[in-house]
Amino acid sequence: MVMGMVSLVIVLGSYILMAVTFKTILSPEKYLTGVAMYIGHVFPSKRVIDENPIPRKLSHSLDPGLSEAEFDINTGGDQMSLRRVQAGLVFLVRFQDMEYRQTIDSCNGVGQGTALRDNTEREIDYALCDHKEYWLVTEERKVRVYKDDPHNPNSIVSEIDLPDGIKPPTFR
């Protein structure tokens, strides 16, 4: 009889604990928060796009007269975080002791390639962002990013002027 009472108390205690747990789990606030976290994980947020290149001082200078330019992919926070964000396509230019960095697009699918379109050193890098093409081009003492057509002046996304005495970057 005592064993039966203990079993009944354990079973009733378990049901009460389950009811409290379900009420907590299924409360509207917690449920909606869980849904929002799931949606945020499945559908990542767009990354913030920079309006202009952001300058920063490098810890070491490049060789005198040289410059570098490339696309970079910012994947910070695009996986394994509570609030996922898309990958960012970044335009980078370095010369002297300065670096200019600009996130130019937010992408679910991003990749880089080799810019061998016209066999010149004018086009130095290539990237894809959700089926949009980006070309990194040097011309007229400038480093420019073109979207889709590297010969159309209306498709320039961003550009940085190189100071006198700095050679334009070349294809690596």
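Here are some notes:
- Within region 131-166, the set of residues being small (Gly, Ala, Ser) and under 20 Å from residue 99 (Cα atoms) comprises 158, 165.
- Listed by position, the strands (runs of 3 or more DSSP E) contained in region 82-172 that have at least 2 residues being charged (D, E, K, R) are 98-107, 123-129, 132-139, 142-147, 156-161.
- Set 46, 57, 23: member being at pLDDT below 65 and of a type in the set (Lys, Arg): 23
- Any hit, region 125-146, residues being surrounded by 21 or more Cβ atoms within 10 Å (Cβ to Cβ), in contact with a helix residue (DSSP H, G or I) (Cβ under 8 Å, 6 or more places away or on another chain), free of Cβ contacts under 8 Å to residues at least 40 places away in the same chain and farther than 18 Å from residue 67 by Cα: yes
- The one condition from (1) touching a Lys or Arg at 6+ places or on another chain (Cβ under 8 Å); (2) at pLDDT 90 or above; (3) not in a loop (DSSP other than H, G, I, E, B) that residue 73 does not meet is (1).
The values are calculated or read from the model by the stated rules, or taken from the named source; none is laboratory data. Bear in mind that the values here come from a model prediction, so they are computed numbers and not experimental data. All Cβ positions, glycine included, derive from the backbone under ideal geometry; neighbour counts span all protein chains shown.
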